[in-house]
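Report on the structure given below.
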Amino acid sequence: MIMTVLFQFIAACFGTVAFSIMFYVPREYYLYCGLIGGGGWVICWCIVHYLNFSNITGTFIATACVVFLSRVCGTALKCPATLFMLSGIFPLVPGVGIYWTVYSMIMGDMQECSRYGRQTLCLAAAIVLGIIFVFEIPQKAIARIAGVFKRKKS
């Protein structure tokens, strides 16, 4: 069980860092991006597999965590939170759902196309709602939380 969670975390970290490289995130932030993306994926995966909630619930909660951590890191490191948020959400994007929706459409199976499409849209809506939910937290509250993690100047 722990090895599976650790494997999921490491794989999501590597995927997030690779995505960060594609978006030209500065090198000093790769570790933060990887940890945020890996953490978000593990949260989603554990909610779905161990707590037996739906994919939509897991995606919403994981997205909220990723965006919150991105805002805290952005404030603490004095850089845009978007650097961490875009990379961190990458493991949560329902790419396989989009693939199966289009595949079912091409194959003419409209019932499966509808099922996959509906599920994919729900996951995308969960991501959007998770982002909106966390961005409603005032920046002053985020700054107070980030004050704990700020780098000390030498």
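Brief remarks follow.
- Accessible surface of segment 10-154, 1.4 Å probe: 71 percent of it comes from carbon and sulfur atoms.
- Take segment 11-154 with all the other protein chains still there, run a 1.4 Å probe, and you get 60 Å² of accessible area per residue.
- Positive-pole candidate from Phe23, Tyr99, Ala141, dipole of the chain, charges at beta carbon: Ala141
- Kyte-Doolittle at least 1.6, axis length at least 15 Å by Cα - qualifying DSSP helices, the chain: 2-22
- Among [x] 74; [y] 22; [z] 12, the entry that matches percent of Cα pairs over 29 Å apart as calculated here: [y]
- Averaging the sequence gap over all C-alpha pairs within less than 8 Å and six or more residues apart, then dividing by the number of residues, gives the chain a relative contact order of 25 percent.
The values are calculated or read from the model by the stated rules, or taken from the named source; none is laboratory data. All values reported here derive from a predicted model rather than from experimental measurement. Virtual Cβ from ideal backbone geometry, glycine too; neighbours counted across all protein chains shown. Areas reflect the complete protein model, heavy atoms only, side chains present, ligands, DNA and RNA absent. Shrake-Rupley method; radii C 1.70, N 1.55, O 1.52, S 1.80 Å.
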